[in-house]
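Notes follow the structure.
The values are calculated or read from the model by the stated rules, or taken from the named source; none is laboratory data. On a predicted model such as this, the values are computed, not experimentally measured, just so you know. Reconstructed Cβ throughout: ideal geometry from the backbone, glycine too, with neighbour counts over all protein chains shown. When the accessible area is computed, the model is the full protein with side chains, heavy atoms only, and any ligands, DNA or RNA have been set aside. Shrake-Rupley method; radii C 1.70, N 1.55, O 1.52, S 1.80 Å.
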Amino acid sequence: MKFLRAMKKLKIKKQIIAAVMACVLGIGGIYSVHASVINDAKNKKNEAQQELDNLNSQIDEIQAAQSDLQEEMDAYDDQLMALLTDMDLLEHDIDAKQGEIDQANADLEVAQEKEQTQYNAMKTRIRYMYENGDSNYWEAMMGATSITDLLNRVEYVSEVYDYDRKQLNAYQETVQQVADLKDQLDAQLAEMEELKISYEDQASSLQALIAEKSAAMDDFDAQLASAKSLASQYANTIKQQNQIIANEQARQAAEEAAARRAAQQQQQQNAGNQSNTTSSDTNTSDSGSASGSGTGLTSSGLNPAHTTNVSGSDVVAFASQYVGYPYVYGGNSLTEGADCSYFVMACFGQYGISLPRNSYSMQSCGQAVSYDCAQPGDIICYPGHVAIYMGNGRIVHASSPTNGICYGSATYRTILTIRRVL
């Protein structure tokens, strides 16, 4: 009987070892299958991220060029407005100058008429004197009644001559002054007309330059729209690959958990078979079964003692400072962006507790705890996710890109295991 009992124990042990090996091999196979999909998704994500970074750099360059071009266009617009204002003032000056010229022409006609009238009067008197000869002149002189009268008559004739000459000279000077003024006004008008042509040429050149810059701006707009469209596509690719990675990690964690539970159930069943062999073996087997629970959820009352002097409430308080900050897959910053495993690792690392970087490895850290015995500072492990237990059924965790770092319900997903590392 002892021999048969021993053989039966050996058989059960072999079954337990076989179950454990099957679990290990199963988990290894699961990990290998999912790792391939995850690596492929990560490679595609990295390629898309590199392209997105390049496009973002191009977008920055295009926007900088647009800004510079807009400054140039604004400067040209200012020049054009100033030039158009000058042209408007010049048109007003040209109209005023043309009015002065018209007035000078009228004044010149009047002066010329007066000059001609005076000239005609002089010619008439000269002709009269010439036709009548000197007899009238001498008669006038001889007809004088006295020396005084004679002198008066001679002086009168001389004064008439001087008057005619002075009047003619005055009219001629007036005509010349008006003519000179007209020439001066004509020269000024010609100068204004040339300036007007110059202004028109400048305005035409500025308008052509603005049109050229506008076309360049339209080209920049098209480039920017194209780059943003491509950037959106790459961003969607990254989002899709992140989702694939998250889904595969969740499936991997769920399958691994299922494999572990199956192995544990097989162990428990084999242990139960072994306990039926002998009552002394039963106590040993039961003790081993209780201590071998991997999730802490199949048994209640698992509440191991703390092994550090770190307060779980302090860890929770530290983690709560970052509620509201962003979630970034693979992120390594509590303020710029972190994923779930980095968030937990960084919060415990603040108190000298070293944890692995990925959520799968955290499932084996520390000691298993039952949910009914969970305390603040315990780590709750879900498929592909980890969180810090706050107490009263609440957690703080880096949830998702949408929710960021936030609070939540501890039972919002299936719990794989709860680990105490403090």
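Summing charges over all other residues whose Cβ lies under 12 Å from the Cβ of Ile244, with Lys and Arg as +1 and Asp and Glu as -1, gives +3. Report the calculated FRET efficiency for Gln265 and Asn358 (r = Cβ-Cβ distance, R0 = 30 Å), to the nearest 0.05. Taking R0 as 30 Å, the efficiency between Gln265 and Asn358 is 0.70. In the context of the full protein assembly, Asp95 retains an accessible surface of approximately 110 Å², using a probe radius of 1.4 Å and ignoring ligands and nucleic acids. Counting only aspartates and glutamates at least 8 places from Lys213 when in the same chain, those with an alpha carbon closer than 14 Å to its own are Asp68, Glu71, Glu72, Asp74, Asp77, Asp221.
This model, with +1 at the C-beta of Lys and Arg and -1 at the C-beta of Asp and Glu, gives the stretch 156-238 a dipole about its Cα centre of some 500 debye. Each Lys or Arg adds one and each Asp or Glu takes one away; over the other residues whose Cβ falls under 15 Å from the Cβ of Gly404, this sums to -2. Per-residue extension of 0.36 nm, minus the Cα-Cα distance of Ser198 and Asp102, leaves a gain of 32.1 nm for this segment.
Using the Cβ of Asp53 as centre and a radius below 14 Å, the other residues enclosed give a net charge of -3, where K and R count +1 and D and E count -1. Rounded, prolate or oblate: which fits the stretch 352-410 when a ≥ b ≥ c are the square roots of the eigenvalues of the alpha-carbon gyration tensor, with rounded for a/c under 1.5 and prolate only if a/b beats b/c? Oblate. Partner aspartates and glutamates whose Cα lies under 19 Å from the Cα of Lys44, excluding those fewer than 8 positions away in the same chain, are identified as Asp53, Glu248. Counting only residues at least eight positions apart within a chain, or on another chain, the aspartates and glutamates with an alpha carbon under 12 Å from that of Lys166 are Glu115. Taking 7 Å steps out from each Cα toward its Cβ at Gln367 and Glu72 produces label points 7.4 nm apart.
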